[in-house]
Amino acid sequence: MSERDDAVQPNAVAAAAAELLPSSVQKNADRILDSLCDPSRLRIVQALRATPLTVSELSRVISKTRAATSQHLKVLRSVDAVTAERHGQFVVYSLSEHVNAEVLENVANAFDQLRPTG
């Protein structure tokens, strides 16, 4: 046994390992986090917290083309964070009731703490 192994506290290692997600849940967590790899997607989640919006409205809010915004929405829909509902000729997007949307909304809320106050 090396000197480095002697410094390991088995109880601490076991306690830390117990905090990790099971692999099936971790895979879903990885997908959720990957969906936010582009800052535009975080901005979409932030915007949809306020109100449901169409692609055109979202593209204006996040300053991206409608095509780019649609691609970002596709990624967010793939992790069940965003839902689409047809209203006549328009499709309106909103945050879903799925837990994945709640996770992303909590991330957006955490970033709100970076806003300057006062």
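Every read-out reported here was derived from the displayed coordinates using simple, explicitly stated rules and does not represent laboratory data. Predicted model, so just to flag it, every value in this text is computed and none were measured. For neighbour counting, all protein chains shown are included, and Cβ atoms are generated from backbone atoms with ideal geometry for every residue, glycine included.
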When 83, 69 are ranked with the fewest other C-beta atoms within 10 Å first, the list becomes 83, 69
Expected output is a single nm value to one decimal: the length gained when fully extending between residue 85 and residue 57, i.e. 0.36 nm times separation in residues minus the C-alpha distance. What is it?
8.6 nm
Ranked by how many other beta carbons lie within 10 Å on average, peptides 30-42, 103-115 from highest:
30-42, 103-115
Arrange 57, 102, 97 by Cβ neighbour counts within 10 Å, fewest through most, would you?
97, 102, 57
Mind pulling the angle between the C-alpha long axis of helix 66-78 and the longest principal axis of the chain? Nearest 10 degrees, somewhere in 0 to 90.
50 degrees
Computed from the mean reciprocal separation of all distinct C-alpha pairs, what Kirkwood hydrodynamic radius does the chain have, in Å?
16.4 Å
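Computed FRET efficiency, Cβ-Cβ of residue 28 and residue 110, R0 22 Å: what is it to the nearest 0.05?
0.70
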